[in-house]
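Q: Structure in structure tokens, see below.
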Amino acid sequence: MKTLTDRPKARSGLKTLAGLLPFLSPYRARITAAGIALVIAASATLAIPYGFRNLIDLGFTTAGSTQAAHVNLYFIALFAVACVLALATATRFYLVSWLGERVTADIRSAVYAHVLRQSPQFFETTQTGEVLSRLTTDTTLIQTVVGTSISMALRNLLLLAGGLMMMVFTSLKLSAIILVMLVAIIVPIVIAGRRVRKLSRASQDRIADASGLAGEKLNAIAVVQAHAHESREAKRFADAVERAFLTAIERVRARSLLTVMAILLVFAAIVFVLWLGAHAVIDGRMSAGQLAQFILYAMIVSGAIGALSEVIGDAQRAAGASERLLELLAVQSPIASPALPHALPARAENGSALRVEHLSFAYPSRPGMAALSDLSLAIAPGETVAIVGPSGAGKTTLFQLLLRFYDPAAGRILLDGVDLRDLALDELRNAIGIVPQDTVVFSDNAMENIRYGRPDASDDEVIAAAKLAAAHEFIDRLPDGYQAFLGERGVRLSGGQRQRIAIARALLRNPPLLLLDEATSALDAESERLVQRALEAAMDGRTTLVIAHRLATVQRATRIIVMEHGRIVETGTHAELVAAGGLYASLAALQFAPP
């Protein structure tokens, strides 16, 4: 899988912004309307110098009442042009601002939806904080460009082209001189702009580093405080922020130099050409109105070039941000639904059949270490199978392959006779309920946390699942009952209470296959007794796999599978395995032996 670190970089420069075109294409009508308003506004701006030329050459050269009439006519015409300019500019501003906000929202949604579909392999190499930085900071930069900079760039390009044409129309000689000088000026500006783009990308990367560091530590704040590392982590974050600041200042310095260079060189060229024009008026080769018109068009051209240098700076920053977002969108998950998925057979009354054939697997981050080796297993519908073994034996890895978080390197897994890789991911995972070892409770109320297992469930069904999981009693005692906010990551609940929320969520799903990964590990003795009784009832009518280190929770399983080093080393009931005197007997002796 291509990750953010090993993927080839996107095209450099402003060409990177072309990757945003798919997000702009649905709004062609608004883009066209904004373009029309832009052309009208630019045309009105370019008409003003021509009006002043006529005002000077015709309005002030006639005498008597005719002179006053000409002056009045041209001032009225100029005001009318100003009205058109104001209306067109306001229309253009509204349309492009709408586009900026709309496209930014679409990009954020697209990137987030894409990231949600990535396999766990993606998150092994990518910090959550970095993804969030790209969703917020980078998209804000793109909003600035789409909603402001692109419009400004097009406006000033039109003014630049139109102004140059009118300058040529006014005086070919002076225009030729200024064009030669402008060409000599643009080359160093473009070179400096490339450096701004590289620094913009580096600046965004440093911000993402700081965000990733902060997100990681805030998600583990209890560990940080338990080790009294608040000051240490604050300093690490301050150092990361300082690196981001220094990189940003380097970018700002480069952009400032680019702006100074552009403005000084452009105005130096214009002043020189205007000096020549002034002498042409003195010598009678040009009228005062023509010189005024040329001066105004030269100011429009110079202003357009200065504005373009600013816009290029923004665009260079957005190019870096776009590059980072497009990298995210280009990452392809190795786990995906097939083009023509098979369907699962109709659900049997007693659950699903599961078959594992010669399964081998190693995590992508540890390719040289086999997590599972030639593992085969057959589970009949309705059977409850316990999987035990020392840490690192491959128990949780097997669950991850069952959920198709990863695909095996060799072998296959069949659910009701269908290879998991032939099933749509949604259909596969909807057929499985899981209670993980690391319980996740969202920052929402108790009702919605349980309903996460099946979003279309009614309140009564949610409450029934909570009762089955022995969670109803403690939820009912909360200040707002099922509407009680549980805090971020369920901080307002004990470990056992969070575990029962997760069990209720799985039971609400009512799946044919139930995976319990240390489902009672965080419960006290009384809660474990209640939940164990509830789980036994829930196992009825479905196939269940149970991972447990505490052997007391698996003694009633139909069959116990003992794993070690990614292989099945023993199979049998509790009594048979104890009598065999193997690994299971050793584990049982450690747990059940008197102190």
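The values are calculated or read from the model by the stated rules, or taken from the named source; none is laboratory data. Every value quoted in this text rests on a predicted model; they were computed, and no experiment measured them. Virtual Cβ from ideal backbone geometry, glycine too; neighbours counted across all protein chains shown.
Q: Take the residues in the stretch 256-289 that are more than 18 Å from Ser302 (Cα to Cα) and either in contact (Cβ under 8 Å) with a residue 24 or more places away in the chain or charged (D, E, K, R) (or both); name whichever of them is surrounded by the fewest Cβ atoms within 10 Å (Cβ to Cβ).
A: Asp283
Q: Looking only at residues that are in a loop (DSSP other than H, G, I, E, B) and polar (S, T, N, Q) in the stretch 442-468, which one is farthest from the chain's Cα centre (by Cα)? So that I can check it myself, show each step before the final result.
A: As a first pass, look at the stretch 442-468 and keep what is in a loop (DSSP other than H, G, I, E, B): 442-444, 452-458.
With the extra rule that they be polar (S, T, N, Q), the set shrinks to 443, 458.
Details: Ser443: 20, Ser458: 32 Å.
Per the stated criteria, the residue is Ser458.
Q: Within the stretch 365-396, how many residues are within 35 Å of the chain's Cα centre (by Cα), surrounded by 22 or more Cβ atoms within 10 Å (Cβ to Cβ) and among the β-branched types (Val, Ile, Thr)?
A: 0
Q: Search the stretch 441-453 for residues that are in contact (Cβ under 8 Å) with a residue 60 or more places away in the chain and pair each with any residue that is crowded, with 18+ Cβ neighbours inside 10 Å when their beta-carbon atoms are under 6 Å apart and the residues are at least 6 apart or on different chains.
A: Every condition considered, the pairs that remain are Val441/Asn449; Val441/Leu486; Val441/Gly490; Val441/Arg498; Val441/Ile501.
Q: Further question: Does Pro367 qualify as being assigned to a loop (DSSP other than H, G, I, E, B) and in contact with a strand residue (DSSP E or B) (Cβ under 9 Å, 6 or more places away or on another chain)?
A: On the way: assigned to a loop (DSSP other than H, G, I, E, B): yes; in contact with a strand residue (DSSP E or B) (Cβ under 9 Å, 6 or more places away or on another chain): no.
It is false that Pro367 is assigned to a loop (DSSP other than H, G, I, E, B) and in contact with a strand residue (DSSP E or B) (Cβ under 9 Å, 6 or more places away or on another chain).
Q: Give the residue, chosen from Val115, Val146, that is modelled with pLDDT under 75, of a type outside the set (Gly, Ala, Ser), assigned by TED's automatic domain parsing to the domain that holds Arg243 and assigned to a helix (DSSP H, G or I).
A: Numbers: Val115 fails: modelled with pLDDT under 75.
The unique qualifying residue is Val146.
Q: Name the residue that is surrounded by the most Cβ atoms within 10 Å (Cβ to Cβ), counting only residues in the stretch 29-55 that are modelled with pLDDT under 85 and farther than 16 Å from Gly162 by Cα.
A: By that ranking, first place goes to Arg53.
Q: Let me ask something else about it. Do we find that Leu590 is surrounded by 19 or more Cβ atoms within 10 Å (Cβ to Cβ), modelled with pLDDT under 85 and more than 27 Å from Arg454 (Cβ to Cβ) in this structure?
A: Numbers: surrounded by 19 or more Cβ atoms within 10 Å (Cβ to Cβ): no; modelled with pLDDT under 85: yes; more than 27 Å from Arg454 (Cβ to Cβ): yes.
When the stated conditions are applied, Leu590 does not pass them.
Q: In addition: Taking the stretch 244-262 on its own, how many of its residues are more than 28 Å from Met181 (Cβ to Cβ) and among the polar types (S, T, N, Q)?
A: Total meeting the criteria: 1.
Q: Could you go through the stretch 352-367 and let me know if any residue there is touching a Phe, Trp or Tyr at 6+ places or on another chain (Cβ under 7 Å) and polar (S, T, N, Q).
A: no
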